[in-house]
Structure formats: C-alpha cells, structure tokens
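The values are calculated or read from the model by the stated rules, or taken from the named source; none is laboratory data. Keep in mind that this is a model prediction, so the values were computed, not measured. Neighbour counts run over all protein chains shown; Cβ positions are idealised from the backbone, glycine included.
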Amino acid sequence: MQQFIRQLAQENDFQSTRLLKILRAVQARYFHIPKAAIEQLALILSIPRTQIQNVIEFYSFFHLEPRGKYDILISSSITDLMVGQEELINYFSEKLGVKIGEVRADGVVSLNNTSCTGMCDQSLAGLVNGYALTNLTKSRIDEIVENVNKQLPLEQWSSDLFTVADNIIKPDLLLNQKPTQGEAINATFARGLKETLDEVEKSGLRGRGGAGYTTAWKWKFCSEDEGICDIEAQRQKQRYIICNADEGEPGTFKDRVLLNSYADSVFEGMTVAAAIIGATQGFIYLRGEYLHLYEKLEAILAVRRNANLLGKNILQHGFDFDIEICLGAGAYICGEESALIESLEGKAGIPRNRPPYPVTSGYLGKPTSVNNVETFLAAANIAIHGGDWFANLGTAKSKGTKVLSISGDCAKAGIYEYPFGTTIQTVLDDCGATDVLGVQVGGPSGTFISNDEFERKLAFEDLATGGSFIVFNNSRSILDVVHNFSHFFAHESCGFCTPCRVGTSLLKKQVDKIVEGHGSAGDIVALEELCQLIKNYSHCGLGQTAANPVLTTLERYPELYQNMLKKISYEPGFDLDKSLETARRMAHRDDAAAHLAQVE
Amino acid sequence: MNKSIVIDGKNIPFEDGQTIMQAATAAGVYIPHLCHNPKFTPHGSCKLCTVKVNGRNCSACTFPAAEGQTITNITQELNDDREKITQMLFVEGNHFCPSCEKTGNCNLQAVAYHLGMTDNHFPHFFENREVDASHPDVMIDHNRCIFCTLCVRASQQEDGKNVFSISGRGIEKRLVVNSESGLLKDSDLDVNDCAAHICPTGAILIKRTGYKVPIGQRIYDHSHIDTITLAAEGASHDE
C-alpha cells in the first residue's frame, strides 16, 4: 500500500489540493481509507492528518471503515420514493443478505441509501462503486445480486444496467444549437473580447444555478482591478474559471444531460469566459454521482487539446487556457460556490465568510468566477449569435430560456427548455401531468406550489428555479414530501453554523414528530418558529432555504398539519411503548404487562 | 477617525478594515458572541453576534464596517433569537451546569444568563459523547464542545501548533485531536498552550484546578458577561 500511496501522491504532484482525487483512488482500491494511508498522506502532502480525517468524514463517499467490494447506494430522493424505493431497497437488502447501511459478513457487498443521484427521470436510481445504475426494478435487482454473488467485475455487467438516457423532450433556443468546435471562440476574438462581454451583458444572462446573479457583472468584478478583456494586462495575475457541475438539488439532472450531449459548447463557454476575465486555468467540479461522465469528458478535452481549442495560444489568438475535471465525493453543500472552492482546495466543503467574494478572493485566494454548466452553454451561444438573439426571449427581468429537469407524476419525464415567462400550466400540459396536486419548483430549497397557482410563471421575479421541477399528483401526501426533504437537509448540512447544524436536525425531529402522529397543540407554532430561526440566521443558502419545504407547505396547507395533531394539550414527542423495547429485550419479557398503552 | 456606523442609534467610529464587532467593542458596545475572540481570525459560526445591517442579518464578527451602515444590535427580536440559538447549543451537547467545574467561568452559561435563558426550550439530543482524560494535565469533555474552533485557532495562530480540528459533517461534527491515536496525550499539547485555556465552555479543562476558585468568586458570579467581555476584549483591541 505504501508504494501505491506514494505513486498516487506523485501523480498528483504532492498537491494537497488534489486530496479528494487521491482519496477517491484509495477508497476505490481498499474500499475505505486505511489509517496507515492517512498517516502516510499527511506526511507526504505536508498537511495535518486531521485535515484528511475531516475530508473523509465530511464526504459521503469516503469511509474510515471498509465498505463492500461492491458498494451499492440507492437514491432516496422523493422521486425514488414515488416509484417504491422503500420496498425495492428492502428487496435488495433481503436478496443480497445485507442490512441497509451495513457490509455483508463476507465483505463482498454493502448497501445504503444516498441523496438524489440526478437520475429522477429514470428512477429507481443507484450507484455501484460510484457508477450510475438506472431504472432499477426487481428483475434488474436480481441481475445485480447475481453479478455480485458471482463477483463479476463491473466491466462484465450488462451495459444495459448502466444506460443513462438523455430524455431531451422539448429543446428550444439553446438545445437546438449544435455549433462547430471553435465557433464561439473564433466569434469572440473576431468581435473583440470587450465587445463580446457587452453582448453577454446585453443578453441579460443570469446565473442558471438558481441564484440568478448577472453573469456579465460577475465576470467584470472578477477582473475589476485590471483592464478587463486585456489578455496581456491580465496575465500578471492568476485567475480561475470554474464550472459548477455539482448539481445536487434533488430533482435536477439537466447538467448531466448538458455535459453528456453539449460538453463541447460548455467547454467553449468556459474558454470564452476565461479569455474575457483573463484566466488560464479552469476547473469543472463534477459531482461524484456523475462518475459515469468522467472518461467521456476527459476524451472530449483531449480532442479539444489536439485541435488547439485548449492549451497554448488557442487558435492563434495568443491566449492560453486549459480545463481540469475534479470529482466531488457526495456533498450537496459543494454546489454553494465558496464551499465548492474549498472542496477544490482539498478541504471539507464549508462555505466561506463573505465578503470577500470569490470574484475577488476565490480558488487559492485568487479572483475566481464560478458559473453553472447551463450558464456556460448559454454564454457560448451568445458569443456566436449575440446578445439580442438571447434577450429576445423571456421576460423583462429574466431573459432567454431555462432548461428544466422534469420528474415525478408525469407521462414524459426528462429535459424541457422554455423561454422564461412560461406558465406552470403550459409545462404541465407538455409533460403530460394530470390530476396534479402541486409542483415542487426549484427542488427542496425552492417552492411547493399548489394547483391554484399554475398560472404563475417561470422567472426570477416569480418562480425562480435552478431547473428542478417535480410533479405530484393527488395520490401523494404532501407531508411525506416534506418529511423526505427535511431529512435531506439535516443529512446535507455542513454543520458549520449553529442555526443550520442544530436547527436542521431539530426540524427533522419536529417534522417526524408531527408526521408520525405525536404532535400536539403548540407543535405547529414551534415548527414555524424553528423554521424562521434557521432561515434568518443560517450562514449560507443551504440553511437559509432548508426550511422552505415546511414554510411553503405550511402556508398553503395549514390544515394538513393541524389534522396530524392529537387533540390533547400534551402528547409525548415519541412512542412510549416503542422506547421500552430495549428494556423488554433485556428482561426477556413480552407479556402484556411489559407494554405501555399510549394515553389517547 | 472620521468614518462612523450607527449601532442602535449611536454613532460608532471605525477604521477601514475593521469589522462591526471590532468597531463596536472598541466603542464599548457589547455584541453577544461565543466563537469570537479578538486575538484570532474571526470564524462566524456561532451566529450569536448576528446584527441587522440596514435590515439584513450579518455576523458582526466577520462583516466589515462601512460608511452608511445603520445597525440594530440590542432589540427584543435579536435577543430572543440569540437566546434560541444558545438553547440550540445547550440541547445539542450535554451541559449540566451545576455539576460542571467551569460553572461561573463559562461563557456559554454567562451568555445564557445574559440573554435571560431559563430553560432549554428544544428537545435534547442526548448524544453519547466521550471524555478524553489521557493527557496528564489537560482533559477534553466532548459533552460540552460547541464547535466554536477557538482551540483550533489558538493552537494554530498563537501556539504555532495544530493540535485541534473539527471533523465530520452536520450534526455529526466533533472535535478531533491531531495525534496518531487521536488521544490528547499523544498530541504535542502543553498545559501552558493558549489552546488549553481558550475554551469558552467546560470542554477543555486543566486538571486539578477546577475548584481552586470557589463558586461565588468566579468570573461571572457578580458581573455580567457584557461588562467582563468589554473590559477584556476592548483592552485586547488596543494592543
């Protein structure tokens, strides 16, 4: 092992910023990160062992204790639950002979739940050793169990198990473009960098991750202190372009499709942005769940290097730029730009204090622009077609189109592109959703809208969304949805600040209490008070939106919550009889007198 | 000094580069806090020092003071919420003040009294946390750790070591020690290190000193934390 680690560190130039990459390789080989590996890495990377320990404990895909040779994770996103996730994972567990969360005694296989893997249009989804599994049914599970028990290498598994369909149902402005390689770069230099930035500004393009910051401004701020668009002047100071492909918002999967089928344009958008702000290095922070895209993207980058679309003196324009792909390791918080930067630096993804913002002090303290995958795709096409081409669509405050990931109760789940300003009803009609109870727009951190609100519009000024669009029909229980989302946020809180660390766990408990029927008068008030506290005092966007599932449904369906409450003034917050289970087991008793009837 | 911000209606002078907390402390205005200590890089995690800057919530310990800021600090709303955040810290760990040797010298307890906290409000987590008594002179009682990282920063920035770190995610966060065994005795912590004395609660204690000062004569027994803090940290700012 010593030699393996040494070589691994060497391949990564002994850079501690590559810690996640190194740990991914160690985890893949030893199914955990052995203690000896931590000690050795601390020594040769010259970082405290506690930094490595922290990274391992922070990211869901790293483990201090061995996982199975086949580590199987099943997505527990709400859309997975809607296709019977609980029953199917129990079936899986039974067939494999391993409890959920555990490793089988022979060490061959382990099974657990995981947060949304970005496959909501092909649920039930999962991962085996990091590679995406889709459309899991009992028969496919049987096939996997057989492969595992035969200890068949993954390469010999039927490729059908790993098929990830794009499901592009409704392309519009952006998804209909198939520019040739280099077209956006050449257009940018032909027009001029400053002029291209003006076009991006004219296009009104705002960040597609959901926050909606004006892209051209971000790029301007990123190079404010020097002459923007002046490559020579900018070369003095290192800057970075980062593509945020950590789409972790449950229900979002558009970036998966954009990177699978539009990667060239995305890379080109990054290259154009780099030329404008004067960056020579770019990164794609690809969520760990999209490991299946890694090799394909590397191959595309290699082709682009060969074609001089990356590297030195790109297309003879006197400008150098290259892109490195960095994989995440299972942490929703890394979608937050400063947490993403921390992660790129080889640390736990904890959002930084702001100011300073990444545009002035980002990766390694240098000015950094972090933009969404879709933003770069739009930017590349704007560079070719100009700002008006884009700005002609949309609303006054939200220009252009938005790519949606539609899943849940609809006939055709998949990718849809709409001009901003489109009504929810139009979207529902297109995707074949009937008998609709409500829609979760923008994922758990967004808004749950009821069927009275379908005339509302997709737009930053009305319903902002990073792209997640989950449809629920009348057979669904809103409280089940809220329950799932509350657990998600408690699991994904980074734990940095008190209101989010403690608050999301308290919120999970409080929602459980009400949903499980142990709530009483006063519990709704307590719930709302807790939500406001988390929302108003949390450090970053995760905490500030973690209470949205409760707040947006409590506002619309207060009676749903009220109906769950017991009519007495005080109800124990837990199941009294159930908590005596350990005592009964220890006393070897199960008679009537050893049970306690809950007071009704 | 001619630039100023307004805190609760009072003009407070500041210099460029100062945070709201620094400006306030220098002017004798107390903003409740636990994870902040002027000697070290601000952390901004406990969120007790949240103030409203032109209507928006900001952490006073990290947010730069700037011309044109109208800030509210001591309001019913902010103090009520600070009390709840303090209660969150109490229920997350296991804090039994009457049996804790830090009582009377504890910032967490003193802030709680200052904010008028009389109960824990939220349900307890009752987490099983350990005690590390391996070191000859210093012990860690993880039950009382609030993840303020003061020991982490003190060790790095004052002692030139790297004894402590916070590991884990979310509610699983925990204080870890930089030694191969993970035990304090195998780290290079010395009893005279700043990190051994900086803990605002009773999580890191010096052995055999707990009751040298009798209850009734302790730091917060006769004065509120605002007075004590301003005297200590105001002086430290002037250094």
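Here are the numbers for this structure:
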{"quantity": "Filter result for A:PHE283 (in a helix (DSSP H, G or I) and either aromatic (Phe, Trp, Tyr) or free of Cβ contacts under 8 Å to residues at least 12 places away in the same chain (or both))", "calculated": "no"}
{"quantity": "Single residue of B:ASN73, B:ASN94, B:ASN54, B:ASN128 found to be of a type in the set (S, T, N, Q) and at positive phi", "calculated": "B:ASN54"}
{"quantity": "Filter result for B:LEU205 (touching a residue at least 12 places away in the same chain (Cβ under 8 Å), among the hydrophobic types (A, V, I, L, M, F, W, C), touching a His at 6+ places or on another chain (Cβ under 8 Å) and more than 8 Å from chain A (Cβ to nearest Cβ))", "calculated": "no"}
{"quantity": "Qualifying residue in segment B:79-88 (condition: among the hydrophobic types (A, V, I, L, M, F, W, C), buried (at least 20 other Cβ atoms within 10 Å of the Cβ), within 14 Å of chain A (Cβ to nearest Cβ) and out of contact with any strand residue (DSSP E or B) (no Cβ under 6 Å at 6 or more places or on another chain))", "calculated": "yes"}
{"quantity": "Filter pass, B:VAL111 being touching a strand residue (DSSP E or B) at 6+ places or on another chain (Cβ under 9 Å), β-branched (Val, Ile, Thr) and either under 29 Å from B:GLY216 (Cβ atoms) or within 14 Å of another protein chain (Cβ to nearest Cβ) (or both)", "calculated": "no"}
{"quantity": "Exclusive hit being within 14 Å of another protein chain (Cβ to nearest Cβ), on the phi < 0 side of the Ramachandran plot and polar (S, T, N, Q), set A:THR504, A:THR447, A:THR423, A:THR465", "calculated": "A:THR504"}
{"quantity": "Flag if A:THR498 is surrounded by fewer than 24 Cβ atoms within 10 Å (Cβ to Cβ), among the polar types (S, T, N, Q), farther than 26 Å from A:SER579 by Cα and not assigned by TED's automatic domain parsing to the domain that holds A:GLU342", "calculated": "no"}
{"quantity": "Any hit, segment A:334-351, residues being basic (Lys, Arg), assigned to a helix (DSSP H, G or I) and either in the same structural domain as A:ARG208 (by TED's automatic domain parsing) or surrounded by 22 or more Cβ atoms within 10 Å (Cβ to Cβ) (or both)", "calculated": "no"}
{"quantity": "Residue ID - farthest from B:LEU175 (Cα to Cα), chosen from residues in segment A:58-83 that are in contact (Cβ under 8 Å) with a residue 60 or more places away in the chain and within 14 Å of chain B (Cβ to nearest Cβ)", "calculated": "A:PHE61"}
{"quantity": "Segment B:20-76: number of residues that are in contact with a strand residue (DSSP E or B) (Cβ under 7 Å, 6 or more places away or on another chain) and part of a loop (DSSP other than H, G, I, E, B)", "calculated": "15"}
{"quantity": "Residue in segment B:167-206 that is surrounded by the fewest Cβ atoms within 10 Å (Cβ to Cβ), counting only those that are in a loop (DSSP other than H, G, I, E, B) and on the phi > 0 side of the Ramachandran plot", "calculated": "B:GLY182"}
{"quantity": "Meets criteria (within 14 Å of chain B (Cβ to nearest Cβ) and surrounded by fewer than 17 Cβ atoms within 10 Å (Cβ to Cβ)) for A:GLY543", "calculated": "no"}
{"quantity": "Filter result for A:GLY251 (surrounded by 24 or more Cβ atoms within 10 Å (Cβ to Cβ), at pLDDT below 95 and farther than 14 Å from A:ALA379 by Cα)", "calculated": "no"}
{"quantity": "Residue tally, condition over 18 Å from B:GLU83 (Cα atoms), more than 10 Å from chain A (Cβ to nearest Cβ) and buried (at least 24 other Cβ atoms within 10 Å of the Cβ), over segment B:38-70", "calculated": "1"}
{"quantity": "Odd one out for B:LYS102 among (1) facing chain A (nearest Cβ under 10 Å); (2) within 26 Å of B:ALA195 (Cα to Cα)", "calculated": "(1)"}
{"quantity": "Residue selected from segment A:546-576 under the condition part of a helix (DSSP H, G or I) and either within 14 Å of chain B (Cβ to nearest Cβ) or of a type in the set (Ser, Thr, Tyr) (or both), by the criterion nearest to A:GLY517 (Cα to Cα)", "calculated": "A:TYR561"}
{"quantity": "Residue pairs meeting the criteria (Cβ under 6 Å; at least 6 apart or on separate chains; first touching a residue at least 24 places away in the same chain (Cβ under 8 Å), in segment A:535-553; second of a type in the set (Lys, Arg) and surrounded by fewer than 24 Cβ atoms within 10 Å (Cβ to Cβ))", "calculated": "A:ALA547/A:LYS535"}
{"quantity": "Neighbours by Cβ (under 6 Å, 6+ apart or cross-chain): first from segment A:307-321, farther than 16 Å from A:GLN181 by Cα; second exposed (fewer than 14 other Cβ atoms within 10 Å of the Cβ) and modelled with pLDDT of 95 or more", "calculated": "A:ASP320/A:LYS312"}
{"quantity": "Evaluation of A:ASN149 against (1) assigned by TED's automatic domain parsing to the domain that holds A:TYR262; (2) surrounded by fewer than 19 Cβ atoms within 10 Å (Cβ to Cβ) (one fails), failing number", "calculated": "(1)"}
{"quantity": "Enumeration of residues in segment A:464-477 that are within 12 Å of A:GLY212 (Cβ to Cβ) and either at pLDDT 95 or above or not small (Gly, Ala, Ser) (or both)", "calculated": "A:THR465"}
{"quantity": "Tabulated pairs, segment B:164-189, first at the interface with chain A (Cβ under 7 Å from one of its Cβ atoms) and farther than 12 Å from B:VAL152 by Cβ, second of a type in the set (Phe, Trp, Tyr) and not in a loop (DSSP other than H, G, I, E, B), C-beta under 8 angstrom, 6+ apart or interchain", "calculated": "B:GLY168/A:PHE58; B:ARG169/A:PHE58"}
{"quantity": "Hits in segment A:32-62 (condition: more than 21 Å from A:GLN7 (Cα to Cα) and part of a loop (DSSP other than H, G, I, E, B))", "calculated": "A:TYR59, A:SER60, A:PHE61"}
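Per-residue answers, yes or no, for (1) modelled with pLDDT under 95; (2) out of contact with any helix residue (DSSP H, G or I) (no Cβ under 8 Å at 6 or more places or on another chain); (3) under 29 Å from A:GLY522 (Cα atoms):
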| position | (1), (2), (3) |
| --- | --- |
| B:VAL111 | no, no, yes |
| B:HIS114 | no, no, yes |
| B:ILE146 | no, no, yes |
| B:ASN178 | no, no, no |
| B:LEU183 | no, yes, no |
| B:ASP190 | no, no, no |
